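Worksheet: one structure, shown below.
The values are calculated or read from the model by the stated rules, or taken from the named source; none is laboratory data. Model, not experiment: these values are computed from the prediction. Cβ placement follows ideal geometry from the backbone for every residue including glycine, while neighbour counts extend to all protein chains displayed. In case anyone asks, the SASA skips ligands and DNA or RNA and just uses the protein heavy atoms, side chains included. Shrake-Rupley method; radii C 1.70, N 1.55, O 1.52, S 1.80 Å.
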Amino acid sequence: MLSSYATEWPEIQADHHLTVAVKDNTPPLGFVGPDGQLQGFEIEVARAVARQILGDDATVEFVPVQNRDRFEILYREEADITIAGVTATTMRSRLVYFSRPYYFNSTSVITRQAGITQFADLVGQPIAVLRGSSAIAVLRHRDPDVTLVGVDSYQAALDLLEAGQAAAFVGDRTILVGWSQGDPAYRVLPDRLSSEPLAIAVPKGPQTGALLVAINQALQTLEDSGWLQAQQIRWGLLAPSASQ
């Protein structure tokens, strides 16, 4: 059970310091670069939001977090906010406040076969998918007769693709983009089979509503200025043509 304690907005303002829970092993969202420093789309979002709400002299401290701890870390007061690939859902909103989306993630397709350029090219071909994942329902809705091959991990999916036992793998677009950036033999198809908002998680507390308002205003400014879109393109999450 999550506690009701959280770092309050006046404290954050007074310190000009924002502690952010992020991913450190999920390119291009957040990962350790060759120089040993954190980099990625969400790392840049965190820095930009901090500058917007606290001024140019704001300092940002990053705390790497695993998926299972993305909310708990807020209520242990080890982070002020979480920007770590969190999909905003109605059920999760009972636990935390969610900002406006900074990116719309999707269920997408990755392949190494040159002849596959769109989802329609996969008709009748085996598609790897994580067992129990939400991608299964998305695929069944798109094509009730789709041929699915269940796997237990991304590595198992990679092995199937390498062996030619699956034509493609369907999963989280942000993960697949990182995969393709690590191995140019793989391509993420432009088809977006679903749409899920990624948002900043803020703990619920007496003063954190004011923090949420400030974050939303910052994200609105970053979107209106074109900064968010430019960063999505920079990190491979949005094709330049899609922004036109």
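Remarks
- When residues of region 70-81 are limited to those that are out of contact with any Phe, Trp or Tyr (no Cβ under 7 Å at 6 or more places or on another chain) and not in a loop (DSSP other than H, G, I, E, B), the one surrounded by the fewest Cβ atoms within 10 Å (Cβ to Cβ): Glu72
- Among the conditions (1) surrounded by fewer than 20 Cβ atoms within 10 Å (Cβ to Cβ); (2) over 15 Å from Gly30 (Cα atoms), Val60 misses just one, which is (2).
- If you check Leu237, Leu158, Leu219 for being in contact with a Phe, Trp or Tyr (Cβ under 7 Å, 6 or more places away or on another chain) and either under 21 Å from Thr111 (Cβ atoms) or open to solvent by 10 Å² or more (accessible area, probe 1.4 Å) (or both), only one passes: Leu237.
- Matching residues in region 187-244 - criterion: being among the polar types (S, T, N, Q), in contact (Cβ under 8 Å) with a residue 12 or more places away in the chain and in a helix (DSSP H, G or I): Thr208, Asn216, Gln217, Gln220, Thr221, Gln229, Gln231, Gln232, Ser243
- Elements of type strands (runs of 3 or more DSSP E) contained in region 95-168, each with 3 or more residues being under 26 Å from Leu29 (Cβ atoms): 96-98, 103-105, 107-111, 126-130
- Members of region 115-136 that are of a type outside the set (Val, Ile, Thr), within 30 Å of Thr82 (Cα to Cα) and open to solvent by less than 70 Å² (accessible area, probe 1.4 Å): Leu130, Ser133, Ala135
- Failed item in (1) open to solvent by 10 Å² or more (accessible area, probe 1.4 Å); (2) in contact with a helix residue (DSSP H, G or I) (Cβ under 9 Å, 6 or more places away or on another chain), with Leu198 passing the rest: (1)
- For region 171-186, taking the residues that are open to solvent by less than 30 Å² (accessible area, probe 1.4 Å) and either under 16 Å from the mean Cα position of the chain (by Cα) or without any contact (Cβ under 8 Å) to a residue 24 or more places away in the chain (or both), the one that is nearest to Leu122 (Cα to Cα) is identified as Gly171.
- Every residue from region 93-114 that is within 13 Å of the chain's Cα centre (by Cα), open to solvent by less than 40 Å² (accessible area, probe 1.4 Å) and within 25 Å of Ile53 (Cβ to Cβ): Tyr102, Tyr103, Asn105
- Scanning region 82-92 for residues that are surrounded by 15 or more Cβ atoms within 10 Å (Cβ to Cβ) and either free of Cβ contacts under 8 Å to residues at least 12 places away in the same chain or among the aliphatic types (A, V, I, L, M) (or both) yields Ile83, Ala84, Val86, Ala88.
- For the residues Ser180, Ser134, Ser108, the requirement of being among the polar types (S, T, N, Q) and in contact with a Leu (Cβ under 8 Å, 6 or more places away or on another chain) singles out Ser108.
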